[in-house]
Structures are given as structure tokens and as C-alpha cells.
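Here the structure is laid out as C-alpha cells; the discussion comes afterwards.
The values are calculated or read from the model by the stated rules, or taken from the named source; none is laboratory data. The structure presented is a predicted model; accordingly, all values stated were derived computationally and were not measured. Positions of Cβ are backbone-derived with ideal geometry, glycine not excepted, and every protein chain shown enters the neighbour counts.
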Amino acid sequence: MRAHASVPRGAAAYGRAEVNDILVVGGGFAGLVCAASLAESGFSVTVLEALHLPLEALRGEMMHPRAVRALDALGLSAVLRDRGSVDVAGFATFDGASRPPVILPYSRGKGLGLEHKEILTAFRQKLGARVRLETGAKAEALLLDGGRVGGVRCVDGREFRARLVVAADGRDSRMRKLFAVPTEVALKSYMFGVTVAGDTLPQPGYGNVFVGAPGPILAYPFGGGQVRMCIDVPLEAPRGTERLIDYVATRYAAFVPPSIRGPMIESLRCDAFRLCAVHQITTDACVVPGGAIVGDAGGCSHPVTAGGMTLACHDVLLLTDCLVRDGLTDVALAAYQRQRYGFVRARELFTASLYDVLRGNGPGAEALREAVFRYWEDGRSRQASLDLLSGEESRSRAFLVEYSRVLGHAATELGAYAWQTMDARGAMRRTKSLAGTAYECLDLAIEKAVSALRLSLPQIGRGASRGLTSIGAESGNGRVRQARARAPARESRATF
């Protein structure tokens, strides 16, 4: 493959140093699982982590059965159970504090809940003999070899070289910026992470979802007899911590069942919470010559579906399969990108649509939310929707089939409303809003499907580098323009 003439900011050529097979930048959930998977497949792996101790922050703590099965295969789930993880049987969704919940059980095993810091601590201890972990190693710049990534330089001056560099440094990824990957970032909302002690979940053993307030609430057990409540707060909410606490206490409490309402408010008043911004991050590439991206660094959606760790496990296993099959080659990287985005775009579509419905912002979304609960009266529908949420079903067309069934329920409800109230104007207003909401969803579905298809198709004449984004891409207007690497027309498996 020809060298690239342009070198991105923060990159430097390197001299002689120890070379690993693979360098994983980021020692969070995605990075450690990636290191475990690659080491299990026989690669020599070094992990660079900026922090000396596991991060204490509002990050992934609940995972679906698909992620648990991945950890089982890597021998990592047992260490989480040793540290007190709890099983999660599915979801219980509450439409108001007084109505009985809709129970949505998993179809293939159970999920898992554990405090984020405990997950990372367990993984570090488990991988100690299999993976080299360098803490206090904050990546600052790329090391280039003939236009391809060959390692990284850290802020303390240390340099690490490898035949492949994997970016697993989370949603605020520094590596994604250094790779110049085409990215769109949108601030969606804010989130309170509230810790509640005791047996307070209205539906124990499940992820509990409460809707009806200005934003949805997800509550789940995460070990030690504790419950985490993730409270979504819209962007138009009052500014300032004290005003936000009052806002949540007054606008959300009525939609939370009594068993957990008081403890939630008490925890907020006692400052037993964490506050973070919720971003939707969409990437249009996940590989560059000599580099790949996994997990939230490659894009993330709203955490209401608790899908972040499931996506990370999907990326890790897929990347490992490609590298085992085709070696440390451009062929493997291009195959990883082609296969990744079908799953990713389906997750983005489902999460965005579900969040809009659960938030109920506007008459159309409110009508859809009411229709969803009517749709869930059917056991088949409950299973189909949870399979989509948990990643067991990842086809966009499966989502569209279920979405059309929800629309059918919404249309029936609107007809009944018009007949019972004789309010033609109100019915027309609701119908118009519903049509607008449905159109937005369909438009998003088309956009995601086209993007997934484009990224999944081999590019004729691009050889081994087909689909690889040049690390010399330029950025503009907050979005990086994509440039394709040149290569001979004949496919090559040259090892790098």
C-alpha cells in the first residue's frame, strides 16, 4: 500500500523500540475485554490506560445476556460474580406510578449488573498474567510509519509501537480525533446517576423503566444491595445543580412508584449522585491504516437501552475474528469495518426511536408511547421488542416491522379518540403530530440503512485498503471529511 503524503496533527515518525502485536489504548470495559479476547487468540497485547486506578464515574454497569455470553466465552464473567454481581432477568416498564408494570423477560439467559469500578478492578486482576497493562500512560500523539499508524507517544514522552493500534478510550476518545475519523456529536440530554440503598426496586431482579416524566428513568440493581437510578433530564431543564435537583424532585417524583420515590429524593438532597452530559456520537469509519476502533470510541447512543457494553463486546469479538482469519492485515481491518456497521446502525436507529417514544415529547410521541403499551399486551410483541433492545435481533427491517405494528395501534387509538370525543380538530392535531414523528423515524431508518449498506460493500479497485479511512483526512465544520487510501487494484494480504 502506498504511503500517505499527509500527516495528521499530533503524529510523528518513530525510531527503534519494542514492537507488540497489538496496542490497546484505553483500559476501560471495552479495552480490557478487547485485550482479553486478543490475548486468548494468541496475540501479544499491551494496554495503555491514563489512570492508575479504575475510573469512578457514571459508566456502564448493566449488560444484556449477549454481553454476558461473550464474557463467559472469555472466562471473564466468573470474576464479576465473585465480586458480587447480580442477575438481571429483563425489564419492567412502568407507565405512571400506580399502573402495573409490563414485564419484558430476556429470551436467552440473564443479564448482569455490577458497579463500573468493580468490573474494571476484576478484569485488571484477571488479566494480570495475560496482558501487559501500562497505567499512567495517556496517549498524546500517533507514531507513523510510512503513512500508517505504528504506535503512540504518551504525554510523559514514552513511546509504544505495535503492528496494530486499537482505540478503546471511550466516548470522549482522543484516539478517534487522532485517527481523524468522520464523526458527528450531538448533545441529547443530561443524566443524574443516583445511588439508592436497600430493597427498593418495585420489580426486583429487573431493570425498571419509569416513563411519564420529562425524561425516562432507568433503575437497576448493581450489587451490594444497591440500586442505580439513571434519570434523564432534557436540555431545557433549569441550569445549576440545586435548581436541577428541585426540578427532578418536583417533575419526576409523581411517576416513580412509592417504594423508591422517597429514597430517590433523599439521595438527590444528600448529594449522593453523579451528573453527566449524554451525547449521541456517530462515526462513519472505524479503521485507518494500522488502526481500529472499538466500543464507545466508535460511536455511542443514549444509555436508556443499556446497550453500550453489548456493543463493545460485539466489536471486540468481530475484530478478533477478522484478525484471526486474515492476520494483522488491511484485509482484516476492511472486513471488520464492512461487518460492523450493520449491527451499529440498527442499534442507533432503535435507541433513537425508543428514546423519543419514552420521552413523549409532543402529541405524536405521546400517542406512540400509549400505543407501545397496548402493543406490549401481546406476548410475541414483548419478546420481539426486547430482542431488539438487547441486541439479540439486529436487523433494521425487524425494527421497522415492529414499529409499523405500534403505528397501527396508535392509529386505532386516534380513531377511537375522535369517535368518543367528537373532537375532530384535536384528532387532526394528534394525527398530524403522529405522522410527523413516524416520518422522522422512517427518514432516520433510511439514512441508517443506506449508511450501513455503503460501509458494508467492498470498493472495487481499492485492493487490501478498501474502506480504510486515510489518517491524513482533513476536518471541517465539526465533521471530518472521509478520504480513501490508494492501493493497487489487486487485493493484498501484506502483513503490517
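Results, tabulated for the structure shown:
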quantity	calculated
Within segment 214-259, considering residues that are of a type in the set (Gly, Ala, Ser), assigned to a loop (DSSP other than H, G, I, E, B) and in contact with a Ser or Thr (Cβ under 7 Å, 6 or more places away or on another chain), the one surrounded by the fewest Cβ atoms within 10 Å (Cβ to Cβ)	GLY223
Residues satisfying the stated conditions in segment 321-330, i.e. buried (at least 20 other Cβ atoms within 10 Å of the Cβ) and either at pLDDT 95 or above or under 30 Å from GLU61 (Cα atoms) (or both)	CYS322, LEU323
Candidate set: segment 197-213, residues that are surrounded by fewer than 19 Cβ atoms within 10 Å (Cβ to Cβ) and not small (Gly, Ala, Ser); chosen: the one nearest to ARG274 (Cα to Cα)	ASP199
Test set (1) touching a residue at least 12 places away in the same chain (Cβ under 8 Å); (2) assigned to a helix (DSSP H, G or I); (3) over 22 Å from GLY307 (Cα atoms); (4) not β-branched (Val, Ile, Thr) - GLY262 fails condition number	(1)
Restricting segment 75-104 to residues that are small (Gly, Ala, Ser) and in a helix (DSSP H, G or I), the residue that is surrounded by the fewest Cβ atoms within 10 Å (Cβ to Cβ)	ALA78
Total residues in segment 176-188, condition at negative phi and buried (at least 24 other Cβ atoms within 10 Å of the Cβ)	4
Selection status of LYS117, under 30 Å from ALA384 (Cβ atoms) and in contact with a Pro (Cβ under 7 Å, 6 or more places away or on another chain)	no
Filtered residues of segment 45-74 (kept if of a type in the set (D, E, K, R) and either part of a helix (DSSP H, G or I) or under 30 Å from ASN20 (Cα atoms) (or both))	GLU49, GLU56, ARG59, ARG66, ARG69, ASP72
Condition check for VAL331: in a helix (DSSP H, G or I), within 19 Å of the chain's Cα centre (by Cα) and farther than 29 Å from ARG429 by Cα	no
Subset of segment 40-52 that is within 23 Å of the chain's Cα centre (by Cα) and over 25 Å from LEU318 (Cβ atoms) - its residue that is surrounded by the most Cβ atoms within 10 Å (Cβ to Cβ)	ALA50
Qualifying residue in segment 304-325 (condition: of a type in the set (S, T, N, Q), in the same structural domain as PHE160 (by TED's automatic domain parsing), in a helix (DSSP H, G or I) and in contact with a His (Cβ under 8 Å, 6 or more places away or on another chain))	yes
ALA168 vs. criteria at pLDDT 95 or above and surrounded by 19 or more Cβ atoms within 10 Å (Cβ to Cβ)	yes
Residue count for segment 392-413, restricted to those that are part of a loop (DSSP other than H, G, I, E, B) and in contact (Cβ under 8 Å) with a residue 40 or more places away in the chain	3
Residue count for segment 27-44, restricted to those that are under 20 Å from LEU114 (Cβ atoms) and in a helix (DSSP H, G or I)	9
